[in-house]
Amino acid sequence: MSKHYRNLEKNIDKKSVRCLNENTHFPVQNLFLEHGELQSLDDEQLIIHIPFTEMVSLWSINIVSTPANYASPKIIHLYKNKPNMTFLDVDSHIPTQTIELQEEELLEERHCLLKFTSFQKISHLTIFIEDNEGCEITSVNKLSIFGKTLKGMNMKDLKKCGG
């Protein structure tokens, strides 16, 4: 990985991270723990909303799941700056990038490179896990996002205009 990019965990607004279809016993906040786990509830699909505290450019994503686990994510769709997406919206929005994960890409030392020019000026990343390796639920152990901050633009300083 380029020396210009780093783990953006400190730039994620963790209090505002949310997930649709999560098992409340294995919530999305577990992804930021040393030995955590996020699990889906009703089926294999998950939508993870990740807001950043300032504008970022994204370089890669690292999704860790137990190898040879049929609950590991297989097909993920990434959407930039779509903070209110639901399962009803996924068919009407074109993903910024779709990734079909291979088993070896689910290891902690592996990164899935993103289309860098497509992931500039990002305030919010939405991850739609569409499918897994064949299990009724999806399980993710860790999520890391790598890139760089765009200095001088703190998202918390923005004020809503109009009425």
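FYI, it's all coordinate maths here, none of it is from the lab. Remember, predicted model here, so these are calculated numbers, not experimental data. Here the Cβ positions follow ideal geometry from the backbone for every residue, glycine too, while neighbour counts run over all protein chains shown.
Descriptive notes on the structure:
- Sorted by Cβ density within 10 Å, fewest first, the residues T98, T149: T98, T149
- Approximate spin-label separation E136-T86, in nm, with each point projected 7 Å along Cα-to-Cβ: 2.5
- Rough spin-label spacing in nm, given labels placed 7 Å along Cα→Cβ, for T117 and K148: 1.8
- Contact order for the stretch 6-152, expressed relative to its length and based on alpha carbon pairs under 8 Å spaced 6+ residues apart, stands at 40 percent.
- Segment H4-I75, length gained on full extension (0.36 nm per residue, minus Cα span): 22.8 nm
- With neighbour counts taken as other beta-carbon atoms within 10 Å, the residues L114, L125, L88 rank, fewest first, as L88, L114, L125.
- For q = 0.08, 0.10, 0.12, 0.16 Å⁻¹, Debye-computed log10 I/I(0) when each Cα of the stretch 6-152 counts as one equal scatterer: -0.18, -0.29, -0.43, -0.80
- Shape of the stretch 35-93, Cα gyration tensor, a/c cut at 1.5: oblate
- Order of L113, L20, L78 under a 10 Å beta carbon neighbour criterion, fewest first: L113, L20, L78
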